[in-house]
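These notes are about the structure you will find just below.
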Amino acid sequence: MLKKSDTPRKLRPATAMVHAGTARSGFGETSEALFLTQGFVYDSAEAAEARFKGEEPGFIYSRYANPTTRMFEERMMALEGAEDARATASGMAAVAAAIQCQVKAGDHIVAARALFGSCRYVVETVMARCGVDCTLVDGRNLDEWRAAVRPETRVFFMETPTNPTLEVIDIPAVAEIAHAAGARLVVDNVFATPMQQRPLELGADVVVYSATKHIDGQGRCLGGVILSSKGWIDENLHDYFRHTGPSLSPFNAWTLLKGLETLPLRVAQQTTSAGKIADFLAERPEVAKVLYPGRADHPDAAIIAKQMTGGSTLLAFELTGGKKAAFAFANALRIILISNNLGDAKSLITHPATTTHKNLTPEARAELGISDGLLRLSVGIEDVEDLIEDIDAALSAT
Ligand SMILES: *Cc1c(COP(=O)(O)O)cnc(C)c1O
């Protein structure tokens with residue numbers, strides 16, 4: 001049997017991410033064990049019966065739960081202050097399951113318009129096919145959330161800071177509107193990371209992550225996680241998860257556990273560097289505007305001060321020369337790579353209008369502030385001076 005480590009329950013994040021959730025086998029291994037198994041065997045038919053009845057603890061099948069996957073879930077629970085969690089094969093599996101498990105035909109969802117493309121597809125298109133209506137609102141306008149509520153509203157969904165313009169939505173205020181309407185608030189916290197914003201403490205009912213991003217942080221595997229109270233998970237997600245099977249592979253769970261060990265270090269470094277790069281860009285004549293949640297000139301600075309503990313590892317900026325300048329800049333970079341991913345050890349740059357947000361109409365892009373000159377930079381763990389030199393040279397080339 002596995003022995004849970006008896007490290008104290010309340011640990012600061014940097015300590016928790018190294019130790020929390022660890023369950024050691026009889027071999028006393030230092031690093032978390034990888035249980036790459038589909039199933040589990042029983043000593044007797046009676047033991048199998050007792051396990052299935054829930055009279056005896058233990059694992060049954062890795063679609064339901066697996067020791068390595070459970071260690072990842074428990075470490076995330078420690079970080080987030082959540083009572084329970086389920087790890088999923090990708091961030092989108094987490095988003096889709098967190099929403100779908102709590103609605104039925106005739107129900108209604110309200111979601112902030114500035115969403116990751118696939119999230120928008122889930123709430124608009126997939127849900128509509130199941131007879132669940134969705135109203136999209138400007139997440140920063142509380143009156144729009146209030147006005148969108150209907151008697152059958154069950155779920156509020158948002159992402160903050162948003163992709164790619166890093167708008168910040170007031171989580172406690174939206175949670176209050178959701179709860180007054182009898183709905184639950186689900187927050188996609190990918191951009192903030194658990195190091196910079198804790199939605200459950202701010203009033204959200206459910207928090208979801210793409211672990212593909214900062215949690216792995218080294219570009220290796222996909223993953224996701226849904227965290228909430230034990231009551232919400234038992235009532236809504238437990239059976240749905242077992243029977244629809246969005247489960248995370250134990251191998252990927254092991255990789256993500258190793259990612260969590262260095263998450264606090266990486267996010268701190270990436271955030272410090274992003275702040276320096278934002279300040280550097282703000283002084284440059286080629287740059288029309290910089291959007292960075294750590295700067296005093298961010299449009300939502302007052303909300304950021306209330307609900308976030310750091311800046312961000314991401315920033316967005318607009319070049320005065322439009323698409324031509326944005327492409328010339330990206331092509332001239334020699335360290336920062338062109339990629340739509342984010343949260344990686346490697347710095348990555350994206351031109352949202354022609355990639356991640358190309359499927360939106362020009363009007364929808366304009367509504368979200370995604371101009372042709374806008375670039376999104378995910379800052380990695382490289383030496384910031386090398387990154388600034390790379391940016392400096394590329395700006396001169398535009
Ligand atoms: C990447 C991302 C997702 C989807 O995660 P995958 O792991 O790619 O499925 C969802 N929401 C946000 C905000 C993301 O950045």
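Residue under question is Ile171, and the condition is that it be away from the ligand (no atom under 16 Å from the Cβ), touching a residue at least 60 places away in the same chain (Cβ under 8 Å) and hydrophobic (A, V, I, L, M, F, W, C); does it hold?
Working: away from the ligand (no atom under 16 Å from the Cβ): no; touching a residue at least 60 places away in the same chain (Cβ under 8 Å): yes; hydrophobic (A, V, I, L, M, F, W, C): yes.
Here the answer is no, as Ile171 does not meet what is asked.
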Q: Could you check, for the range 174-181, whether at least one of its residues is in contact with a strand residue (DSSP E or B) (Cβ under 6 Å, 6 or more places away or on another chain), open to solvent by 50 Å² or more (accessible area, probe 1.4 Å), more than 30 Å from Thr262 (Cα to Cα) and away from the ligand (no atom under 14 Å from the Cβ)?
A: no
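Scanning the range 26-57 for residues that are in contact with a helix residue (DSSP H, G or I) (Cβ under 6 Å, 6 or more places away or on another chain) and modelled with pLDDT of 95 or more, which turns out surrounded by the fewest Cβ atoms within 10 Å (Cβ to Cβ)?
Leu36
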Q | Residue count, the range 119-151 (criterion: surrounded by 19 or more Cβ atoms within 10 Å (Cβ to Cβ) and of a type in the set (Val, Ile, Thr)) | A | 4
Q: Determine, yes or no, whether Leu375 is more than 16 Å from the ligand (Cβ to nearest atom) and open to solvent by less than 10 Å² (accessible area, probe 1.4 Å).
A: yes
Q: Kindly establish whether Leu202 is in a loop (DSSP other than H, G, I, E, B), touching a residue at least 60 places away in the same chain (Cβ under 8 Å) and either touching a helix residue (DSSP H, G or I) at 6+ places or on another chain (Cβ under 6 Å) or open to solvent by 20 Å² or more (accessible area, probe 1.4 Å) (or both).
A: yes
Q) Does the range 205-240 hold any residues that are open to solvent by 10 Å² or more (accessible area, probe 1.4 Å) and part of a loop (DSSP other than H, G, I, E, B), and which are they? A) Asp205, Thr212, Lys213, Gln218, Gly219, Arg220, Cys221, Leu222, Ser229
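Look through Ala111, Ala85, Ala96 and report the one residue that is buried (at least 19 other Cβ atoms within 10 Å of the Cβ), farther than 30 Å from Gly259 by Cα, within 16 Å of the ligand (Cβ to nearest atom) and touching a residue at least 12 places away in the same chain (Cβ under 8 Å). Spell out how you get there, then give the answer.
Numbers: Ala85 fails: farther than 30 Å from Gly259 by Cα; Ala96 fails: farther than 30 Å from Gly259 by Cα.
Ala111 is the lone residue from the list that is buried (at least 19 other Cβ atoms within 10 Å of the Cβ), farther than 30 Å from Gly259 by Cα, within 16 Å of the ligand (Cβ to nearest atom) and touching a residue at least 12 places away in the same chain (Cβ under 8 Å).
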(Q) Please pick out the residue among Ala87, Ala147 that is out of contact with any helix residue (DSSP H, G or I) (no Cβ under 8 Å at 6 or more places or on another chain) and of a type in the set (A, V, I, L, M, F, W, C). (A) Ala147
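The values are calculated or read from the model by the stated rules, or taken from the named source; none is laboratory data. Please read these numbers as outputs of a predicted model, since none were measured by experiment. When we count neighbours, we look across all protein chains shown, and the Cβ atoms used for this are built from the backbone with ideal geometry, even at glycine. Side chains included, ligands, DNA and RNA excluded: accessible areas come from the protein's heavy atoms. Shrake-Rupley method; radii C 1.70, N 1.55, O 1.52, S 1.80 Å.
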